Amino acid sequence: MHETRATDAARWSGIPENALHTQLAGLPMIPGIAETTQWCWSSGLVPIVSSLTWTPIGAHLAERFGFHSYAGRCLDARNGRFTGRAGRPQTPADQVEFVRRRADDLGVAPHGCAAVGACPTDGPLFGSVGLAIAFNAPSAVSALATTSVEGDDLRAVIPELQRLTATRV
């Protein structure tokens, strides 16, 4: 059964915010996230997490792997504990707006940005950037992207990201 945003948020009611970070730190992640993020920084790209997941998850990923910033759906907290209430839902259109604002803040046109994703909701995001990389994505998502990459390590996207850095020279 697919959980609704409210049901998922309610599961967090009363849980300390730092417990989420502890739990996330123990979860296995695809290899190569930190290395790919570092490659972006050293290549003049600014890595950012934009997701439809909860903002605290984006914050954790940003801190853990060195992303510049993040966006996501709000999960309300008070006095260091999650309330079990969700803020306004984050939509694919919100992701696009976040990319536009962040690109503007950084002085880059959206067509000078890249997005890496695998979810059907990434379609609008893919359409708003110059380089859309479907990573381990279903064929319907890959069809929306500029290119598609398969692999067991996120570093597999680096050759595609190099295309973006080549246009900045």
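Computed quantities for the displayed model
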read-out: Contour minus Cα-Cα distance for ALA140 and ILE15 (0.36 nm per residue); value: 41.3 nm
read-out: Pairwise label distance in nanometres, THR22 with GLU150, each label 7 Å out on the Cα-Cβ vector; value: 4.1
read-out: Whole-angstrom Cα spans of the chain along principal axes, big to small; value: 50, 32, 27
read-out: Residue among THR91, ILE30, LEU45 farthest towards the positive dipole end of the chain, charges placed on Cβ; value: THR91
read-out: Solvent exposure of region 93-133 as accessible area per residue, Å², 1.4 Å probe; value: 46
read-out: Computed [θ] at 222 nm, helices only, for the chain once each DSSP H run of length n ≥ 4 contributes -39500 (n - 2.57); value: -11500 deg cm²/dmol
read-out: As computed over region 31-87, the Cα convex hull volume per residue (Å³); value: 83
read-out: Dipole in debye (nearest 20) - region 1-75, about Cα centre, beta carbon charges: Lys, Arg +1; Asp, Glu -1; value: 100
read-out: Förster radius 22 Å - calculated FRET efficiency between ARG85 and ILE30 (Cβ-Cβ, nearest 0.05); value: 0.10
read-out: Cα gyration tensor, region 57-99 - rounded (a/c under 1.5), prolate or oblate; value: oblate
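The values are calculated or read from the model by the stated rules, or taken from the named source; none is laboratory data. Keep in mind that what you see is a predicted model, and the values were worked out from it rather than measured. Please note: Cβ atoms are built from the backbone with ideal geometry, for glycine as well, and neighbour counts cover all protein chains shown. Just the protein is used for accessible areas: all its heavy atoms, side chains included, with ligands, DNA and RNA removed. Shrake-Rupley method; radii C 1.70, N 1.55, O 1.52, S 1.80 Å.
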